[in-house]
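Participant: Would you mind keeping the following structure in view while I ask a few things?
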Amino acid sequence: MKIRRYDVDDIFETLDRSQIIRKTGSSRAKFICIPRYNVCIHLKGSSIRFFFKYVYKVRTYKTYLIWFFLKMIAILPSVHFLLNILGMRHKIKSMNVASPIDWNKIDVIYVEWHFFGVFSHSHKTVTHVLAKEAYAERFQNELIARQMGNQFKNLSKVFPKLLKISDDPKYYVEELAVGAGKQFIDESQLVRAQKKIKKLNRKTLKKTVLDAYYLGLINKLGTLNNASILNALETLKASIERDYLNKNIKIDLALVHGDFNAGQILSQDGNIKIIDWGDGGLFNRFFDYISIAIYKSPNHTFSSKYFPNELSVLKPFFSNKLMKEKHMELYVRLTLLEILVISKGEFEANEGAYERWLTAVNYNT
């Protein structure tokens, strides 16, 4: 899957401007930026180990090769060209003490669509620098999800605390648990997180008229410039309008995460937090369930049997309710439309999961 990459200089400039972490030392620090993994790693052995042990968990022969070469680069920077041979185009960035950020206190900078994750192994801390200006819409989803959670007793505890740093540009920091860089969680924590998702679904449930909701989604989409996506959208719209519109149908909406998986869970001292709500918001209540099942399916046709085993608590909860729905296929098609609303910019640039989405529209309409 292709992911839009931040330019390494843009990463450091944005973090520098946010002034989240103040300078306390006086030495220089070198980072190597690896676009494939969307990270910058401090060139020291402990940082490299930290990254591969806690942040990037895929294990393939190429992963181990990259791990080896990064260790070599930490010792002999001149061998960094070997990384390019493996297809990892990158850049080494040397940070000056003039920066207000103490780069020696940072081990890994992990780049997502709407935040920078700053991982410090030595201090066992994680900071998410949220709301990069270019992705304001995705961050707005984050804020909407939090606002909805605050409307219900105890639901706000699902989200890490949010601290505003500045208004222009808008920078926020998520207060994450100490040690939260250790992304591995045990089975009991995963089960608890899934139960919180179920609770969110129940607590935020509301009925709405399909016609008004559908038109609202179309208005959010606005103008599309990608011909392939536009054609798929027209097919999707035609199937919904032909079979379901103007029939006084009501549908269930709820607060959904949009990209729920084990990597979005943080835990400390018995408390569970769920991060990265940039794809979330008030959508059809089955969005998480259907979107995961569609993308796991070989031809991206919705089928609950392709729902991952690690989310076994959610499967019976959602499948039992969905199978009882008179308009089950409507929810599948609405999910595809909602995915496009969330990921429009990404898809128009032929990035992210847009090819899977095109295939899914073809097989589910």
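Read the figures in this text as sums done on the coordinates, not as results from a lab. Predicted, not measured: the structure shown is a model, and the values here were computed from it. Cβ: placed from backbone, ideal geometry, glycine included. Neighbour counts: every protein chain shown.
Participant: Only residues that are within 20 Å of V129 (Cα to Cα) and in contact (Cβ under 8 Å) with a residue 24 or more places away in the chain: list them for the range 143-156, please.
Facilitator: I144, A145, R146 - these are the residues of the range 143-156 that are within 20 Å of V129 (Cα to Cα) and in contact (Cβ under 8 Å) with a residue 24 or more places away in the chain.
Participant: Do you know which residues across the range 187-217 are surrounded by 14 or more Cβ atoms within 10 Å (Cβ to Cβ), of a type outside the set (G, A, S) and in contact with a strand residue (DSSP E or B) (Cβ under 7 Å, 6 or more places away or on another chain)?
Facilitator: Once the filter is applied, which keeps residues that are surrounded by 14 or more Cβ atoms within 10 Å (Cβ to Cβ), of a type outside the set (G, A, S) and in contact with a strand residue (DSSP E or B) (Cβ under 7 Å, 6 or more places away or on another chain), the range 187-217 yields Q189, L190, R192, K196, L200, N201, T204, T208, L210, Y213.
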